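Please read the structure below before turning to the comments.
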Amino acid sequence: MNDAQFLRALENCSLSEQDFGHAAHIRAAYLYLQSGEFAAALSRMRSAIRNYATSLGKPDRYHETMTVAYMALIQQHIFERGRADWESFARDNPELFEPGLLFQFYPKAQLDSELARRIFLLPRFHLAQWPLRSTAEVADNRDGEAVGQRR
């Protein structure tokens, strides 16, 4: 399915649930960011996810903090690493597809909160180093300890 067909299927809620996993969320965000400025892309992404989740009978699945944080990370990657086609972008940015990526920025308890679902929350962590590390390197971060700090 090409990019236009993919977005059309997402927006008209005809995309199968199994076809809208994490990688597909990243793809949609990437495509929206390619076609406009951040605020407009974020608005389109919010609407698409909310409408899609509602069509599945799962309106509570939308998570504002995760959506905004991933949109910002994807935009940063686009500008730091160049605009490419989707396949090249996906290949060149594997860290965006790692489960638990946001634990480099947020404690698990913060992301799991109802408030984080409803509104965008700034992370309680400060990034200790850049570029992003693999998920395995920050797996112990899920207990709320700040990146790079040990007690």
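Taking the criterion of being within 20 Å of residue 35 (Cβ to Cβ) and surrounded by 15 or more Cβ atoms within 10 Å (Cβ to Cβ), the residues of the range 79-100 that qualify are 84, 86, 89, 90, 93, 96.
Can you tell me how many residues in the range 8-32 are farther than 21 Å from residue 69 by Cβ and surrounded by fewer than 20 Cβ atoms within 10 Å (Cβ to Cβ)?
Start the filter on the range 8-32 by keeping residues that are farther than 21 Å from residue 69 by Cβ, which leaves 8-9, 11-19.
Filter once more, so that each one left must be surrounded by fewer than 20 Cβ atoms within 10 Å (Cβ to Cβ): 8-9, 11-14, 16-19.
Final tally of qualifying residues: 10.
Looking at the range 6-43, which of its residues are hydroxyl-bearing (Ser, Thr, Tyr) and over 21 Å from residue 78 (Cα atoms)? Once the filter is applied, which keeps residues that are hydroxyl-bearing (Ser, Thr, Tyr) and over 21 Å from residue 78 (Cα atoms), the range 6-43 yields 14, 16. Search the range 33-65 for residues being of a type in the set (S, T, N, Q) and surrounded by fewer than 19 Cβ atoms within 10 Å (Cβ to Cβ), and hand back the single one that is farthest from residue 102 (Cα to Cα). My answer is 55.
Is it fair to say residue 77 is within 11 Å of the chain's Cα centre (by Cα) and outside the structural domain of residue 121 (by TED's automatic domain parsing)? Outline the logic, then answer.
Details: within 11 Å of the chain's Cα centre (by Cα): no; outside the structural domain of residue 121 (by TED's automatic domain parsing): yes.
No: the conditions fail for residue 77.
The values are calculated or read from the model by the stated rules, or taken from the named source; none is laboratory data. Remember, it's a predicted structure, so these values are computed and weren't measured experimentally. Neighbour counts are summed over all protein chains in view; Cβ atoms, including those assigned to glycine, are modelled from backbone coordinates with ideal geometry.
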